[in-house]
Amino acid sequence: MILNHVRLIKELSSGLSTECGYVRVENGIITEVSEKPYPVTEDNRETIKDCKGKTLLPGLIDLHTHITVLNQVGFEYLHSDMGLLTAAAQHAAEYLDMGFTTIRDCGSIHRVANEVKHMVQIGLIEAPDLITCGRAIIPTEGSEKHMMAQHVHFADTVDEVKKAARQEIAEGADFVKVFASGAAAIATGVPQQSIMFSEEIEAAVKTAERKGCYVAAHCHADEAIRNCIHNGVKTIEHATLISDKTLTLAAESDSYLVPTLAVMYISDGPRRSYWEKRLGPMFRHCTEKMTKAYEMGMYLGFGTDCSAGDFCYNNGIEFKFRKENCGMKDLDILLQATRNNAVIAGIEDKVGQIRKGLRADMILIDGKPDQNIRCMYHKPDFVMKRGKIVR
């Protein structure tokens, strides 16, 4: 297939910049990227798709989401494995609607994301590629009988954390997720608290490293962020309450910050005042510090901690907040959601750019999102996954 008359952005397209080039796709792989349009003849017309000068981007990557739990997906099937699998697979497919062709699931009910990942890999369902952690590891915080407890793995002490990490990896996890601080989404959680001891975090990291993977840490509290950086955690999720001093530490480390601003969007409703009191100060602090991180030139990841199909996803709130509340440039936000995320996840040899030899995961956007990020606030014109137009 030839995608003809496409607009290409050089930072995302093998260094090529054009208002009317083409991309050739064969067997799910990009085989050619050109600055010039492809000549159309009667013989080849049916293999060419005219994209009419619209912008072609790599498929988007969300480094922090959950295909269950968010919006209570899966809660009605806690006692039905097949029902849970069906609900999770159906929900995972919805991420394609907004152009996300790769997602990282940061904790799923009964580790169901591991199974959905396998279903995608063997072509059983049409959904984004998944990077999964199974269940997230957390110290005892609340009751194991609570619904939210179904996507976590309780572990206290160094030995329990080691065992939990080994179990998650053995069950098919690609990385290990830990809760280093309290959670804002749990009523009894205290985001300002660091809830894992430094030696427990170290145990998770060393166990993951022995199995060739890494640790991602839920971190709101500044102390938790520092502990994670000192102990070699690869991705700091949220980084909501980070201080200037810890920002400098992060910039000098091998850890990456993955902000998730969209999850702090506060919608109208009966609980608006509750969420404004709980999330408002966190949002204002986080956007201030992420502005500073961006101005420092830090290599930021892109996550949402939101759910496909909800308001934040359908209206591009993560893109919007990074632009309007953090002053990030349009192109840099696109890079965060594609190339940066691919590097952070260690999959830059597969996706993240429009380049010969990479997977043909691409989206077509009506407009110039590198000049006006508002183009990303709605669904793309089409989504291509491994050479097949799926949306």
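The values are calculated or read from the model by the stated rules, or taken from the named source; none is laboratory data. Everything quoted here is computed from the prediction, not taken from an experiment. Quick reminder, even Gly has a Cβ in these numbers, built from the backbone with ideal geometry, and neighbours come from all protein chains shown. Accessible surface areas use protein heavy atoms only, side chains included; no ligands, DNA or RNA. Shrake-Rupley method; radii C 1.70, N 1.55, O 1.52, S 1.80 Å.
Per residue Cα convex hull volume for the chain, in cubic angstrom?
On the way: hull volume 50.6 nm³, N = 391.
Per-residue hull volume (Cα only) is 130 Å³.
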Enter the accessible area per residue of the range 283-357 (Å², integer; probe 1.4 Å; all protein chains in place). 37
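How much space per residue, in cubic angstrom, does the convex hull of the C-alpha atoms of the range 254-298 take up?
Details: hull volume 3.1 nm³, N = 45.
Per-residue hull volume (Cα only) is 69 Å³.
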I want to check the label-to-label distance for His285 and Lys329. Put each point 7 Å from Cα in the C-beta direction and report it in nm to one decimal. 3.1
Per residue of the range 337-347, in order, report the coupling 6.51 cos²θ - 1.76 cosθ + 1.60 (Karplus, θ = phi - 60°) as ³J(HN,Hα) in whole Hz, putting x for Gly and Pro. 7, 9, 4, 4, 4, 5, 5, 4, 7, x, 10
With N residues in the range 1-102, Rg(alpha-carbon) / (2.2 N^0.38 Å) equals 1.49
Let me have the 222 nm mean residue ellipticity of the chain computed from DSSP H runs of 4+ only, each contributing -39500 (n - 2.57), with the sum over all residues rounded to the nearest 500. -8500 deg cm²/dmol
What is the distance in Å between the Cα centroid of the range 1-37 and that of the range 191-220? 41
For the range 130-187, just the Cα set please: Rg and Dmax, both in angstrom. 11.2, 31
Remind me, what semi-axes does the range 232-391 give for its equivalent ellipsoid, largest first in whole Å, using sqrt of 5 times each Cα gyration tensor eigenvalue? 27, 22, 13
Rounded to the nearest 0.05, what FRET efficiency do Val190 and Asn27 have when you use their Cβ-Cβ distance and R0 = 51 Å? 0.50
Kindly provide log₁₀ I(q)/I(0) values, in the same order as q = 0.14, 0.22 Å⁻¹, from the Debye equation applied to equal alpha-carbon scatterers of the range 328-380. -0.38, -0.87
When the chain is treated as a Gaussian network with springs between alpha carbons less than 10 Å apart, the largest mean-square fluctuation among Ile131, Ile373, Ile347 is found at Ile347
Could you please state, rounded to a whole Å, how far the C-alpha centre of the range 94-169 is from the C-alpha centre of the range 47-82? 15
How much FRET efficiency would the formula 1/(1 + (r/R0)^6) give for Arg210 and Ser17, where r is the Cβ-Cβ distance and R0 is 35 Å, rounded to 0.05? 0.20
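Which pairs in the list Lys206/Lys289; Lys329/Lys388; Lys329/Lys379; Lys162/Lys245; Lys356/Lys388 are over 23 Å apart, alpha-carbon to alpha-carbon?
Values: Lys206/Lys289 29 Å; Lys329/Lys388 31 Å; Lys329/Lys379 21 Å; Lys162/Lys245 30 Å; Lys356/Lys388 17 Å.
Pairs exceeding 23 Å: Lys206/Lys289; Lys329/Lys388; Lys162/Lys245.
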Direction-averaged shadow area of the convex hull around the Cα atoms of the range 300-391, nm²? 6.1
Could you check which residue among Thr304, Thr235, Thr207 shows the biggest mean-square fluctuation in a GNM of the chain with a 10 Å Cα cutoff? Thr207
If DNA, RNA and ligands are ignored and the probe is 1.4 Å, what is the ranking of Thr41, Thr291 by accessible area, most exposed first? Thr41, Thr291
As I understand it, the dipole of the chain uses +1 on the Cβ of Lys and Arg and -1 on the Cβ of Asp and Glu, about the Cα centre. Which of Val120, Val343, Tyr214 lies farthest toward its positive end? Val343
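Compactness ratio of the range 169-227: Cα Rg over 2.2 N^0.38 Å, N = residue count?
On the way: Rg = 12.1 Å, N = 59, 2.2 N^0.38 = 10.4 Å.
It is 1.17.
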Could you check the simple spin-label distance between Ile389 and Lys10, using points 7 Å along Cα→Cβ, in nm with one decimal? 3.0
Residues of the range 149-178 with the amide nitrogen closer than 13 Å to a label point 7 Å from the Cα of Leu78, along Cα-to-Cβ, please. 149-152
Please check: in the Gaussian network model of the chain (C-alpha springs, under 10 Å), which one of Arg226, Arg374, Arg45 has the largest mean-square fluctuation. Arg45
Running Debye on the range 73-155 with equal point scatterers at the Cα sites and no solvent, what base-10 log of I(q)/I(0) appears at q = 0.13, 0.22 Å⁻¹? -0.41, -1.01
By the rule of another cysteine's Cβ lying under 4.7 Å, the cysteines of the chain that fail to get a partner are Cys20, Cys51, Cys106, Cys133, Cys213, Cys219, Cys228, Cys286, Cys326, Cys375
Per the Cα gyration tensor, the range 179-309 corresponds to an equivalent ellipsoid with semi-axes, largest first in Å, of 25, 17, 14
Could you check the spin-label model distance between Asp349 and Gln90? Points 7 Å from the Cα along Cα→Cβ, value in nm. 3.9
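What Kirkwood Rh does the range 15-167 have if only Cα atoms enter the pairwise 1/r average? Answer in Å. Intermediate results must be reported in sequence, preceding the final value.
Working: mean 1/r = 0.0546 Å⁻¹.
After inverting the pairwise mean of 1/r, the radius is 18.3 Å.
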Electrostatic dipole magnitude of the range 273-391 [Cβ: Lys, Arg +1; Asp, Glu -1; Cα centre; debye, to 20]: 280
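Hey, got the dipole for the chain? About the Cα centre, +1 on K and R Cβ, -1 on D and E Cβ, debye to the nearest 20? Please list the in-between numbers first.
Values: 46 positive and 52 negative charges, 104 e Å.
Charge dipole, the chain, about its Cα centre: 500 debye, nearest 20.
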